[in-house]
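**Student:** Pasting in a structure now, in structure tokens, and then I'll have a few things to ask.
The values are calculated or read from the model by the stated rules, or taken from the named source; none is laboratory data. These figures come from a predicted structure and were not determined experimentally. Quick reminder, even Gly has a Cβ in these numbers, built from the backbone with ideal geometry, and neighbours come from all protein chains shown. Remember, those area values only see protein heavy atoms, side chains included, never the ligands or the DNA or RNA. Shrake-Rupley method; radii C 1.70, N 1.55, O 1.52, S 1.80 Å.
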Amino acid sequence: MFRNYLAAAFRNLARNKLYAGVTIFGLAVGFAAALLIGLYVRDELTFDRFVPGNHQVYLVTETIGLRDAKPIQTQSTPMMLARPMKQFFPEVEASTRLSASYFPPTVRRGEIVAVEEGVYWADPNFFQVFPLPVLAGDLSRALEPSDGVVLTRAMARKYFGEDTPLGKTLQIEGQAFRITAVLKDLPSNTHLTFDIIASARSPVGP
């Protein structure tokens, strides 16, 4: 029975080629549009959701009021704000800072030299607030040493040719840093865009 229906459908398509082509093309466009919309919605709904406890983590931003102009909202705040927030707001269980240099620093290992825009500096407790997926090392103590640095797997492969170069050194702006942990590569739908996180206790930090 099904074979007869299929044969009749093919005969109708052969007799009405123009109509069949327009119909099939429209159906394909509709499926493609629905698929793209679904992927976009999924990407938006899962933004930063990979971070454990993300529902309790908040980004503090700053709004700058300008005379005769619309206010400007930035995703940054003064570094000194972290301590008083925890001191004066009992709802804040922990605060941590993440900052980037004004100019991307030069990173070197042997003959490999590059200016990296994804270099950030963070407080020692950063990974207590953001317990990101780790590939190797102890994140709870990774940024306590002033020469501690954490790489993503992509950066570890770029500079060392391996996934877990723990204990090896990397130079940032001429300062030697020791690899204390390696993170799994982060997804694209996140505001965390770093590749290298160095200890904010370093003398070459921001």
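**Student:** Do you know which residues across region 149-184 are closer than 14 Å to T106 by Cβ and of a type in the set (S, T, Y)?
**Tutor:** Within region 149-184, just Y159 meets the criteria.
**Student:** Here's another thing I want to ask about it. Quick one: count up the residues across region 116-130 that are aliphatic (A, V, I, L, M) and open to solvent by less than 10 Å² (accessible area, probe 1.4 Å).
**Tutor:** Number of matching residues: 2.
**Student:** Now a separate question. Only one of L166, L132, L170 is outside any strand (DSSP E or B), of a type in the set (A, V, I, L, M) and farther than 17 Å from F50 by Cα; which?
**Tutor:** L166
**Student:** Hey, does region 133-148 have a residue that's in contact (Cβ under 8 Å) with a residue 24 or more places away in the chain, open to solvent by less than 50 Å² (accessible area, probe 1.4 Å) and under 15 Å from R109 (Cβ atoms)?
**Tutor:** Checked region 133-148: no residue is in contact (Cβ under 8 Å) with a residue 24 or more places away in the chain, open to solvent by less than 50 Å² (accessible area, probe 1.4 Å) and under 15 Å from R109 (Cβ atoms).
**Student:** Regarding T74, is this residue open to solvent by less than 100 Å² (accessible area, probe 1.4 Å) and either farther than 19 Å from H191 by Cα or in contact with a strand residue (DSSP E or B) (Cβ under 6 Å, 6 or more places away or on another chain) (or both)?
**Tutor:** Criteria met by T74.
**Student:** If you don't mind, there's one more thing I want to ask. Considering region 41-71 alone, what residues qualify as being assigned to a helix (DSSP H, G or I), open to solvent by 90 Å² or more (accessible area, probe 1.4 Å) and over 22 Å from D185 (Cβ atoms)?
**Tutor:** H55, Q56
**Student:** Determine the pairs where a residue that is farther than 13 Å from D123 by Cα, located within region 73-86, has a partner that is among the polar types (S, T, N, Q) and assigned to a strand (DSSP E or B) with Cβ atoms under 7 Å apart, the partner being 6 or more residues away or on another chain.
**Tutor:** Q73/T63
**Student:** Among (1) under 28 Å from S95 (Cβ atoms); (2) open to solvent by less than 60 Å² (accessible area, probe 1.4 Å); (3) part of a helix (DSSP H, G or I), there is one condition A154 misses while meeting the rest; what is its number?
**Tutor:** (1)
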